[in-house]
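Each remark here refers to the structure printed beneath this line.
Please treat every number below as a calculation from the coordinates, not as lab data. Just so it is clear, the model here is predicted, and its values are computed rather than measured. Heads up, the Cβs are rebuilt from the backbone with ideal geometry, glycines too, and the neighbour counts pull from every protein chain shown.
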Amino acid sequence: MQLKSIQDQVVVVVGASSGIGRETALQFAKQGAKVVVSGRSEEKLASLVDEILSFQGEVTPVIADVAEFDQVKAIADKAVEMYGRLDTWVHAPATVVFALFEETKPEEFKRVIEVSLLGQVYGAMAAIPHLKREGRGALIHLSSIAGLRSLPLQSSYCSAKHGVEGFLESLRVELQHEGIPISVTSIRPSVINTPFWDNALTRLGVQPAGIPPYYDPRLVTDAILYTATHSTRDFFVGDSARVLDFLQKLSPSLVDALLLQIGFPLQQTKEPKSEDDPNNLYEPVLSDTRVDGDFNNMVIPSVLDWVDKNPVLKWGAIATVAAAFAVTQGMRDSSK
């Protein structure tokens, strides 16, 4: 499937006010794409627009809550109105409640599903008609390793991300059946150092955290830009996500045992935080437009992200290992 070069694209980035979405919008604009950015806060989007305009990027803001389909549809419609088409749709918004399942209120669980799952569904519903009309394009959805292996204290978020994975699998095959050249990508990050942890609603009594190690949000942006020009089914970001996925396939009970030991203490800092403190479950945290979170000292590099973006080298390495194994086995058999 041939996708356009970034400088020739019209790109929608939903959830662009902070974190991964903000950095993604900036990088698309810096590389010459026409960018439509969306978020819930006019004030936060204005700061992003100003930053993009400072380097002569092309940008259009749209205020929207992804839990409302009509507002999501308006994002896609605005892109076509302003630029005549839509080439890539990047959907990033997610929210979470850090709490035991029994301490999560029904309306809170529902809200997480509305934002983190239904928002993704609405994004695809809004984008696909325009991508079909263009004849090609990319749907890029921010999932998570938590969509493949659930964690304690995040039941609502993990449920939503599992739903995203199931939805994208179904959608991908339907589009292939119709012969429609739309690339459908699930980006599966590890723990990323964004304000996600700072802005979550928590009933833990303390500031929540991810299970380290953390990775730089720019790695996720790099994966998004790569999949906007290279048709890709799934893309893990961060080596720990690949390790956890392998362990889950090897032995879910082993991962259960591991999470019993580390899943509770490592998701809690020592900094007190009340459930009444500002959080982004229902309203944006207006003061926070950062890309990076508070865990810079725990960020490590990831080796295999680069390998996955160079498939010739990746499969060459696999073939080399397989050939070496076959030669070794042949030598053992001949020596018997």
**Study point:** Separation between Cα centres of the stretch 239-260 and the stretch 4-42, rounded to whole Å
**Key:** 33
Study note, to complete from the structure: So, over other residues within a Cβ distance under 12 Å of G147, counting Lys, Arg +1 and Asp, Glu -1, the net charge is -1
Check your understanding: Hey, quick one: spin label on K30, modelled 7 Å out along Cα-Cβ, who in the stretch 271-293 has an amide N within reach, i.e. under 15 Å?
Key -> 291-292
Practice item. Using a cut-off of 13 Å between beta-carbons, work out the net charge of the residues near A127 (Lys and Arg +1, Asp and Glu -1, A127 not included). Key: +3
Review point. Of all chymotrypsin sites (Phe, Trp or Tyr not before Pro) in the stretch 1-103, which ones are in loop regions per DSSP and have a Cβ with at most 15 other Cβ atoms within 10 Å?
Key: F55
Check your understanding: If you plug each phi of the stretch 221-227 into the Karplus form 6.51 cos²θ - 1.76 cosθ + 1.60 with θ = phi - 60°, what whole-Hz ³J(HN,Hα) values come out, in order, with x for Gly and Pro?
Key -> 4, 4, 5, 5, 5, 5, 6
Check your understanding: Label points 7 Å out from Cα along the Cβ direction at V173 and S54: separation in nm?
Key -> 4.8
Point to revise | Entries of K34/K309; K78/K110; K44/K73; K105/K270; K73/K270; K73/K249 with Cα pairs more than 32 Å apart | key: K73/K270; K73/K249
Study note, to complete from the structure: Of 229-241, 134-146, ordering from highest average Cβ density within 10 Å down gives 134-146, 229-241
Practice item. Calculate the length of the line joining the C-alpha centroid of the stretch 191-218 to that of the stretch 65-143, in whole Å. Key: 22
Study note, to complete from the structure: Counted neighbours (other Cβ, 10 Å), sorted fewest up, put I63, I20, I52 in the order I63, I52, I20
Review point. Hey, what number do you get for the chain at 222 nm if only DSSP H runs of n ≥ 4 count, each worth -39500 (n - 2.57), divided across all residues, to the nearest 500?
Key: -14500 deg cm²/dmol
Practice item. Provide T194, T60, T289 in ascending order of the number of other Cβ atoms located within 10 Å of each residue's Cβ, fewest first. Key: T60, T289, T194
Practice item. Determine the gain in length on full extension of the stretch F246-E283; use 0.36 nm per residue of separation and subtract their C-alpha separation, reporting nm with one decimal. Key: 9.7 nm
